[in-house]
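Participant: Got a structure for you, written out below as structure tokens; questions coming shortly.
Taken together, the values in this text are just the output of simple stated rules run on the coordinates, not laboratory data. As the structure is a prediction and not an experimental result, all values here were calculated from the model. Here the Cβ is made from the backbone with ideal geometry for all residues, glycine too, and neighbour counts use every protein chain on show.
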Amino acid sequence: MARKNKIMSNPFGDLVKERRHTALMTLDQVAARLKTHKGYVSGFETGAVNPPRPYMIKKLAKLFNIPEIELQVLAHACKAPVAFRNAMLRKIGY
């Protein structure tokens, strides 16, 4: 079910989901590669749970061939004050 009244975008989850679809991988397959549960992967893709910890972000970066620093910034930018968030997102091209 789509979330209503979504206040903040989820660029981290959106990118991971896009890369997962491009790789033709299911939530189960990604979860198996990350050694976690598909509900957790779904949760950070949709923004329902907090972004994963740095070690998990490193695994995602390697799995989907995304620069790790890009994923780290995207994962935590949504929690930062607006001015800082916008500056960091611009720095990585978002």
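Participant: Which trypsin sites (Lys or Arg not before Pro) from the chain combine a DSSP loop assignment with at most 13 other Cβ atoms within 10 Å?
Facilitator: The qualifying sites are 3, 4, 6, 35, 79.
Participant: Given only helices, namely DSSP H runs of n ≥ 4 each adding -39500 (n - 2.57), what is the per-residue ellipticity at 222 nm of the chain, to the nearest 500 deg cm²/dmol? Numbers along the way, then the final one.
Facilitator: Working: 6 runs with 60 residues, N = 94.
Only helices count here, giving -18500 deg cm²/dmol.
Participant: Please report how many Lys pairs in the chain have alpha carbons closer than 21 angstrom, counting only residues at least 8 apart along the chain or sitting on separate chains.
Facilitator: Number of lysine pairs found: 19.
Participant: While we're looking at this one, here's another question. Given Cα pairs under 8 Å that are at least 6 residues apart, what percent is the relative contact order of the stretch 11-91?
Facilitator: On the way: 65 pairs, mean separation 22.0, N = 81.
Reported relative contact order: 27 percent.
Participant: Tell me, 30, 73 in order of fewest to most beta-carbon neighbours within 10 Å?
Facilitator: Numbers: 30 24, 73 19.
The most exposed by this proxy come first: 73, 30.
Participant: In debye to the nearest 20, how big a dipole does the chain give about its Cα centre with +1 on each Lys and Arg Cβ and -1 on each Asp and Glu Cβ? Walk me through the intermediate numbers first.
Facilitator: Numbers: 17 positive and 6 negative charges, 30 e Å.
With Lys and Arg at +1 and Asp and Glu at -1, about 140 debye.
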